[in-house]
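Notes follow once the structure below has been shown.
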Amino acid sequence: MSKKINRAYSVSNVLSKKFNPLDFTGEWKASLGQPDKAFSAIIYGNTTNGKTEAAIKLAKYLTNFGKVAYDSLEQGLSATIRDALIRNHMEDLENSFILLDREPFDELLIRMNKPKSPDFLFIDSVQYTRITKAQYYQLKELMLKKGKGIIWISQAKGKSPKGALADDIMFDVDLKLWVEGFKLFPDGRLNGGGEPFVIWAQKAAKYWKEIV
C-alpha cells in the first residue's frame with residue numbers, strides 16, 4: 001500500500017489562499033504589524049523586566065479579535081497575577097479572557113481541541129510546561145489546524161530564552177518579543193511593525209535613564 005503524500009500547491013493556489021490578518025491599529029500595529037490570526041510568538045526576558053505585564057497587555061488587546069486563555073503555570077492563581085489583571089482593568093472583559101490555574105499539557109490539549117476553544121492561548125512559562133519538543137509540535141500543529149494564535153512566555157539567560165526547548169521555540173515562532181526595562185522589542189516575521197512597545201511608561205523611563 002502506497003503512503004499518502006501531502007498536497008502540492010501551484011502558484012495560483014498559493015496566491016488565492018485566504019489568510020486572516022489581525023487588524024491591529026495604533027501602538028500595537030507600529031510594534032507587531034498585522035500578524036495572521038494563527039500567529040505564534042515568544043515573549044522572553046529577565047526577571048522583573050515586565051514579561052508578565054507585556055503578556056497581560058497583549059492578551060487584553062487580543063480580546064478585540066477573539067477569546068483569550070492564559071495558562072498561568074509559573075505563578076498560578078496568585079496575587080501577582082491578580083494585581084496585573086487589576087492594573088490592566090481586565091474586569092471589563094467578562095468572558096473574553098479566562099485564566100487557567102496551572103493547567104497541565106494533556107488537559108490543555110483537550111481544551112484547545114474543543115469546537116469553541118479560545119482563539120488565542122498564552123503559556124506562562126515555557127520552563128514550567130515540562131513538555132518535550134515533540135509535544136510542543138503537537139500543540140503547534142493543533143493551533144495551526146484550528147487557525148488560532150499561541151504566545152509563549154519564557155525566562156531568559158542573558159539575552160536568549162532559557163533552556164533548549166525555549167531556544168527551539170524562539171527559532172520556530174513568527175514573533176520574537178524581547179522584554180527589557182519595561183519595553184518590548186519585536187523581531188521576526190513581522191507584517192509591518194518593528195517599533196519598541198512601552199509596557200509601563202514610568203518604570204521604563206526610570207530604567208532607561210539609569211543605564212544611559
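The values are calculated or read from the model by the stated rules, or taken from the named source; none is laboratory data. Only a predicted model underlies this, so the values are computations on that prediction, with no experimental measurement involved. Positions of Cβ are backbone-derived with ideal geometry, glycine not excepted, and every protein chain shown enters the neighbour counts. The accessibility values were calculated without ligands, DNA or RNA, using every heavy atom of the protein model including side chains. Shrake-Rupley method; radii C 1.70, N 1.55, O 1.52, S 1.80 Å.
The long axis of helix 51-62 is offset from the longest Cα principal axis of the chain by roughly 60 degrees.
Please say if the stretch 149-212 is rounded, prolate or oblate, where rounded means a/c under 1.5 for a ≥ b ≥ c the square roots of the C-alpha gyration tensor eigenvalues, and otherwise the choice is prolate for a/b larger than b/c and oblate otherwise? Oblate, since a/c reaches 1.5 and b/c is not below a/b.
For the peptides 112-118, 148-154, 67-73, residues were scored by their other Cβ atoms within 10 Å and the scores averaged per peptide; the highest-first order is 148-154, 67-73, 112-118.
Solvent-accessible surface (1.4 Å probe) assigned to Ile5 amounts to roughly 140 Å².
For the stretch 131-172 and the stretch 63-95, write down the distance between their C-alpha centroids in whole Å. Here the answer is 21 Å between Cα centres.
Name the shape class, rounded, prolate or oblate, that the alpha-carbon gyration tensor gives for the stretch 59-112, where a ≥ b ≥ c are the square roots of its eigenvalues, rounded holds for a/c under 1.5, and otherwise prolate holds if a/b is larger than b/c and oblate otherwise. Oblate is the answer for the stretch 59-112, as a/c is 1.5 or above yet b/c matches or exceeds a/b. Using only Cα coordinates, the Kirkwood hydrodynamic radius of the chain works out to 18.0 Å. For Lys67, the residues whose modelled amide H falls within less than 5 Å of its own, excluding neighbours fewer than 5 places apart on the same chain, are Asp119, Phe120. Across the chain, C-alpha contacts under 8 Å between residues 6 or more apart give a mean separation that, scaled by the residue count, equals a relative contact order of 31 percent.
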